[in-house]
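Student: My questions will all concern the structure given below.
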Amino acid sequence: MSELDKLEKKSPSLLKSFIAGGVGGMALVASGHPLDTIKVRLQTQPRDFPVYTGVIDCAKKTITKEGVRGLYKGMTAPIVGITPLYAVCFWGFNIGRKIQVKNSADVLTPLQNWNAGMVAGVFTTVIMAPGERIKCLLQIQQGKDPSQARFAGPLDCAKQIYKEAGLFRGIYKGTFATLLRDVPASGMYFMSYELLLTNLTADGQGRDELSPFRILLAGGTAGILNWLVAIGPDTLKSRLQTAPEGTYPNGIRSVFLDLMKNEGPLSLFRGIAPVMIRAFPANAVSIIFVYLIMFMLFACFSFVKDLAFKLKNSFLYMWRFYLWLNYLHPMHHFILKSINPVSHVDDSFSKFKLLSFNERPVDLCS
């Protein structure tokens, strides 16, 4: 077994997990954002005069009027926040895990995974809520000419919102709705992902021996189940975060009552088609990138560690050879002692136990 294979068997460090998770999250956002834009536009379009009849119609009209870049509006905010979001998510999951079990080696039950996932959802809302607010406002902007748009970009959007409504009533508008979406959805994701991995692992086989296809299947299916739970609260959140100030005086409660009264329960699932189309491939792409980056990091760290080890050995051999030369030449030893009465040569011999007086040069340099 190679050194890299041995490294792959070990648990990844926090740094490697942070980097790989961040890159995987960026891949998830980049691959799924066009369909996310379509979802938000379908969720927030006027009920009386709908602009789009469905997913394909929304995609066609968006590309025709705004170009392909129109599908990527608002992507900067989630891209910037995705790395700390993933770090906070798994940190929250570990906290949820520690609350329930004393021994870190204990295997969580499906209910415990659900609970730990819900704790992770609470932690991620702090980062997710403002990012979602900015993203949704940018996504509903229509038109090809940027000069005619209300917001020039994510920073401009954040500045204007903060100036108009402040931090909590402006940038963090829809925080409770985000909690209502992310807490149960995160619980579903972690529970289903762990449950699927357990069922896909054969008897006597470890999870590190699972094929990439089974890992992708678990991640993609967990993503679909996550959004089946999240789609209803997500619709309420999108409506609330994109509505003009004062439209819904009681927050998410007003949004829910308005939808039930005027559009019916099925309106909560508006935008589910692009979500389901996006969920499996986006999560699969994310997991692929996580594994690729993790493998590259293991290889890179292994190379650096091996190089540092060789440099250290080379330095030790050179130092031992230098000490051997001092011991070999009496005149050199005499000069050194005349300069300094306390012979640093002898001190060197006493400090460096690697040197043996019986060793010959050929042994020292081997």
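The values are calculated or read from the model by the stated rules, or taken from the named source; none is laboratory data. Note that this is a predicted model, so its numbers are computed, not measured. We place every Cβ from the backbone using ideal geometry, glycine too, and count neighbours over all the protein chains shown.
Student: Which one is farthest from the chain's Cα centre (by Cα), of the residues in segment 208-224 that are among the aliphatic types (A, V, I, L, M) and either surrounded by fewer than 19 Cβ atoms within 10 Å (Cβ to Cβ) or not in a helix (DSSP H, G or I) (or both)?
Tutor: My answer is 210.
Student: Give the residue, chosen from 60, 39, that is of a type in the set (D, E, K, R), at pLDDT 90 or above and farther than 19 Å from residue 134 by Cα.
Tutor: Going through 60, 39 in turn, the sole match is 60.
A quick yes/no check of all residues on (1) β-branched (Val, Ile, Thr); (2) within 22 Å of the chain's Cα centre (by Cα):
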residue: 235; (1), (2): yes, no
residue: 240; (1), (2): no, no
residue: 245; (1), (2): no, no
residue: 249; (1), (2): no, no
residue: 270; (1), (2): no, no
residue: 279; (1), (2): no, yes
residue: 313; (1), (2): no, no
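Student: Across segment 95-114, which residue is surrounded by the most Cβ atoms within 10 Å (Cβ to Cβ) among those that are of a type in the set (A, V, I, L, M) and in a loop (DSSP other than H, G, I, E, B)?
Tutor: Filtering segment 95-114 for residues that are of a type in the set (A, V, I, L, M) and in a loop (DSSP other than H, G, I, E, B), the one surrounded by the most Cβ atoms within 10 Å (Cβ to Cβ) comes out as 108.
Student: Among 320, 239, which is basic (Lys, Arg), farther than 22 Å from residue 22 by Cα and outside the structural domain of residue 25 (by TED's automatic domain parsing)?
Tutor: 320
Student: Quick check on this structure: which one of 170, 174 is at pLDDT 90 or above, touching a helix residue (DSSP H, G or I) at 6+ places or on another chain (Cβ under 6 Å), over 27 Å from residue 287 (Cβ atoms) and surrounded by fewer than 20 Cβ atoms within 10 Å (Cβ to Cβ)?
Tutor: Sole residue among the options that is at pLDDT 90 or above, touching a helix residue (DSSP H, G or I) at 6+ places or on another chain (Cβ under 6 Å), over 27 Å from residue 287 (Cβ atoms) and surrounded by fewer than 20 Cβ atoms within 10 Å (Cβ to Cβ): 170.
Student: Oh, and also: Looking at the structure I just gave you, is residue 217 at pLDDT below 90, closer than 29 Å to residue 199 by Cβ and of a type outside the set (Val, Ile, Thr)?
Tutor: yes
Student: Take segment 249-305 and flag every residue that is among the polar types (S, T, N, Q) and under 16 Å from residue 223 (Cβ atoms).
Tutor: Result: 283, 286.
Student: Assigned to a loop (DSSP other than H, G, I, E, B) and under 22 Å from the mean Cα position of the chain (by Cα): is that true of residue 74 in this structure?
Tutor: Here the answer is yes, as residue 74 does meet what is asked.
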